[in-house]
């Protein structure tokens, strides 16, 4: 139980994925606003 | 609402209560009741985190907001993914290893009992009032739409929620949240599908986007740095970041969700689920509002969606003026439809502006004749669309989704209020060495008590627009400051108990001053100001005294 609770692995690739997805969404929304204004 | 729709709503509410209770295993001890014995999988915790954040206002209010102003509200969430990454790296491993029940327990370990009690007290006051408002806002709308009295609507949301939260504890809340999220996402996706089908019977989807875009409703991003503007890229990225750090890192209603995860990794994954999914989900909801706008370009909309005052207006001295506005509205809607169909942008925009003017005049007449200065039309747009335009059965599904959102947001909050009351006050200050059975019994009593308080607040808040505003502001008074005190504790070794306590008070005082004396600074920035003041004042007192 304690060992399971302490499971703590590096998730850097996931964090990078979060930032990339957010950047992509912002770019898409910006283009959407420009394209259909 | 037809009998089949009612059947769907009743069957759904019965199912979530029964299944919630069935899943509440191992809740005969405090650890099981408040933390599910730290046994829940990441995906269930992640859905519970999202369900707790998503209230019914998110569905009825956000869609209405998108109907009137478009997608720009999405910027409010821009700080969320970054906040989740920061929290995954900092407080998640920290709280999990500390084996705390509440976030505020940590403050006693790091500073003193005074700081812990103050922080927990601020949470209890703010969250109890916010819970009342969380229930009031959808209850007001649904009571009008369904023709129920307000107390009956509040009871329809509260009673099942209090029952499963009290008996099943955090496990019942989490597993109920999982189901609620599926219903909400399923319901919203269905609504979008029906809207797209309805729109494309009249116009191509590309043309629909051009029509929405012509009115500015697809302008989601505003890069101007302007403290007067509520939603900009910068207020969302900076103010929103501080708000989300505080909400997910220091607010017990969220901290408790990820404390139930099996491990540090699973707690992280549960938060990162929101980091990936929250903005797309919010876009789905906002898109529904924009699509409702396009839908009503080709199908006749009501002049005002909130018809609660219709009889009063019809019996007033302004009845003739109101009827005249309705006739002008119908004519203008026909003109706008023709302009939209022949893609005449200039005529379409001119007609749309005249329609907005007519709606404003109608709103003024309603407010004048009824004295309802807080008259709100925005929250009624989507429920009106659901109940008048969706097929039988699906109406029931959507109403169930709104009830689901109201219950899932409030269940998590209620559970957290009981936890902070028992762990931070009752067990810490009053009865320190009682049996598990005793603590479990008072925990259930605390849950019922806070549930009743929330119902009373909800019924009273519904009739006082100003109270709702005060409650919303209250959250910003303490959120940033609470974040500041946790930053002092986690990121610095030199901060003392005295610095933390007085820094917390100073942060709240400054935010209070800014909120009332500098009202042009929009509320998202209050979170930044509060956190910075607590850190600066707290460090200064720690170093100098």
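The values are calculated or read from the model by the stated rules, or taken from the named source; none is laboratory data. In this text, all values refer to a predicted model and were calculated from it rather than measured experimentally. Virtual Cβ from ideal backbone geometry, glycine too; neighbours counted across all protein chains shown.
Just wondering, is there one or more residues in the range B:312-323 that are in a helix (DSSP H, G or I), touching a residue at least 60 places away in the same chain (Cβ under 8 Å) and either surrounded by fewer than 20 Cβ atoms within 10 Å (Cβ to Cβ) or more than 14 Å from chain A (Cβ to nearest Cβ) (or both)? Checked against the condition, which is being in a helix (DSSP H, G or I), touching a residue at least 60 places away in the same chain (Cβ under 8 Å) and either surrounded by fewer than 20 Cβ atoms within 10 Å (Cβ to Cβ) or more than 14 Å from chain A (Cβ to nearest Cβ) (or both), the range B:312-323 yields no hits at all. Scan the range B:375-402 for residues that are under 22 Å from residue B:323 (Cα atoms) and outside any helix (DSSP H, G or I) and report the count. Within the range B:375-402, residues that are under 22 Å from residue B:323 (Cα atoms) and outside any helix (DSSP H, G or I) number 3.
Exactly one residue out of B:204, B:132, B:186 is within 14 Å of chain A (Cβ to nearest Cβ) and either surrounded by fewer than 21 Cβ atoms within 10 Å (Cβ to Cβ) or over 22 Å from residue B:9 (Cβ atoms) (or both): that is B:204.
Selection of the range B:509-545 for residues being in contact with a helix residue (DSSP H, G or I) (Cβ under 7 Å, 6 or more places away or on another chain), part of a helix (DSSP H, G or I) and more than 22 Å from residue B:76 (Cα to Cα) yields B:510, B:533, B:534, B:535, B:537, B:538, B:539, B:541, B:542. Of all residues in the range B:277-301, those being closer than 30 Å to residue A:24 by Cα and more than 11 Å from every other protein chain (Cβ to nearest Cβ) number 10. In the range B:284-294, the count of residues that are under 26 Å from residue A:13 (Cα atoms) and within 19 Å of the chain's Cα centre (by Cα) is zero. Residues that are touching a residue at least 40 places away in the same chain (Cβ under 8 Å) and surrounded by 21 or more Cβ atoms within 10 Å (Cβ to Cβ) within the range B:509-526 comprise B:524, B:525, B:526, listed in sequence order. Counting only helices (runs of 4 or more DSSP H) that sit wholly inside the range B:24-103, those with at least 2 residues that are under 15 Å from residue B:281 (Cα atoms) and under 20 Å from the mean Cα position of the chain (by Cα) are B:42-53, B:56-69, B:79-89.
Of the residues examined, residue B:304 is one that is assigned to a loop (DSSP other than H, G, I, E, B), away from chain A (no Cβ under 14 Å) and buried (at least 20 other Cβ atoms within 10 Å of the Cβ). If the condition is being at the interface with chain B (Cβ under 7 Å from one of its Cβ atoms), out of contact with any helix residue (DSSP H, G or I) (no Cβ under 7 Å at 6 or more places or on another chain) and modelled with pLDDT of 90 or more, then the range A:1-18 contributes no residue at all.
The listed residues are B:270, B:263, B:274, and the only one of them that is within 14 Å of chain A (Cβ to nearest Cβ), more than 30 Å from residue B:200 (Cα to Cα) and touching a strand residue (DSSP E or B) at 6+ places or on another chain (Cβ under 7 Å) turns out to be B:270.
In the range B:78-100, which residues are buried (at least 21 other Cβ atoms within 10 Å of the Cβ) and either without any contact (Cβ under 8 Å) to a residue 24 or more places away in the chain or in contact with a helix residue (DSSP H, G or I) (Cβ under 6 Å, 6 or more places away or on another chain) (or both)? Matches in the range B:78-100: B:78, B:79, B:80, B:81, B:83, B:84, B:85, B:87, B:88, B:91, B:92, B:96.
Residue-level analysis places residue B:424 among those that are over 30 Å from residue B:328 (Cβ atoms), touching a residue at least 40 places away in the same chain (Cβ under 8 Å) and assigned to a helix (DSSP H, G or I). Each residue in the range B:107-117 was checked for being part of a helix (DSSP H, G or I) and in contact with a helix residue (DSSP H, G or I) (Cβ under 6 Å, 6 or more places away or on another chain), and 6 of them qualify.
Between B:257, B:327, the distinction of being under 30 Å from residue B:36 (Cβ atoms) and part of a helix (DSSP H, G or I) belongs to B:257 only.
Checking each residue in the range B:210-225 for being free of Cβ contacts under 8 Å to residues at least 12 places away in the same chain and within 9 Å of chain A (Cβ to nearest Cβ) picks out B:213, B:223.
Residues in the range B:36-64 that are surrounded by fewer than 24 Cβ atoms within 10 Å (Cβ to Cβ) and over 18 Å from residue B:280 (Cβ atoms): B:37, B:38, B:39, B:41, B:42, B:44, B:57, B:61.
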